[in-house]
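See structure below.
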Amino acid sequence: MAPPRIVAYWGDPLLVERALGRALAAWGPSRRVVLFGDEPCLARLMGELGSTDLFGEPRAIIVRRADRLMGEERLARMLAKGVPPQVGLSFVGEALKGPVVERAEEARFFPTPTGRALHALAGELLAEAGLPQPPLVVDLLLNAAAGDPLRLAQEVAKLSLWKGERLPPDRLPRLLFFSVGTPYAYLDAVGRGEIPAALAALRTLLAAGANPSALFFVLVGHVRALLAALAATAGGREPAGPPWLARRRLDQARRWGEARLVGLLASLQELDLRIKTGRLSPEAALHHFTLSLTPVGRG
């Protein structure tokens, strides 16, 4: 059975990228054309779809941040006719909906995995990296990731650097959680909304040589974990993680409240975009976010 030639994936960034990777592999070797839907790209996209490569070279067209294009009727009508031979078209975004995504031969939403699904993902990532999957390692990975699948993949990649080595169990937490120091003091200060303490902890980490990019992902994971703790409690479930950590997250989450936590996450997403487009360094983004915090109290 031939693979679908028009696909659309949205939701959790890691799972979206994994699905995209599978689609690209199914299409085989091809020239990549990468476009961004939040930039003026419609004319070029329709031009690519309305033409055949001069040398007959297969093309894989990847439209990232494609949400704004989903309502384009002209594009939807073009896709209704199919794509040229030897062309694969993929749309990826946050919440794709509209006439364009309806033309996709495969359209899938990937919710961020939690609980058993996140545990299974950890096993898959370890297996793909050719690493063993003892419960101790899986538990440490999940704790290090703080509920963030992207962070989980990064931790597996970090662990894969030691593939074939015999590592004492007491070295694993240091390898997985942070290469220099620990970010707990910073994360706790952020969770409490204490700006001076958070800035001091951040400066200590950076002065010790902590990787700003890694710390930024840890910060995003922490805010997501606080939201997840609130959602779990509202649903009558125990928050994820060891009891002491779950209690601490829930206490911090209640101080902020759901609406303000969502606002923090939106701010981090905007900063992440600015980092990825080269408009801001990860270190500057950390300072910007920390300085933008407001004190919180019992909500």
Here the residues within the range 1-11 that are within 22 Å of Leu152 (Cβ to Cβ) and surrounded by 20 or more Cβ atoms within 10 Å (Cβ to Cβ) are Tyr9, Trp10
Taking Glu124 as meeting all but one of (1) more than 23 Å from the chain's Cα centre (by Cα); (2) over 20 Å from Ala246 (Cα atoms); (3) modelled with pLDDT of 75 or more, write down the number of the exception.
(1)
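Tally up the residues in the range 51-90 that are in a loop (DSSP other than H, G, I, E, B) and either under 19 Å from Ala2 (Cβ atoms) or more than 30 Å from the chain's Cα centre (by Cα) (or both), please.
Number of matching residues: 14.
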Can you name the residue in the range 204-216 that is within 25 Å of Leu273 (Cβ to Cβ) and not in a loop (DSSP other than H, G, I, E, B) and, of all such residues, is modelled with the lowest pLDDT?
Ala214
Go through the range 91-160 and tell me which helices (runs of 4 or more DSSP H), entirely inside it, have 1 or more residues that are surrounded by 14 or more Cβ atoms within 10 Å (Cβ to Cβ) and in contact with an Asp or Glu (Cβ under 7 Å, 6 or more places away or on another chain).
99-102, 135-145, 149-160
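The values are calculated or read from the model by the stated rules, or taken from the named source; none is laboratory data. What you see is a predicted model; the values in this text were computed from it and never measured. Cβ coordinates were reconstructed from backbone atoms using ideal geometry, including for glycine residues, and neighbour counts include every protein chain displayed.
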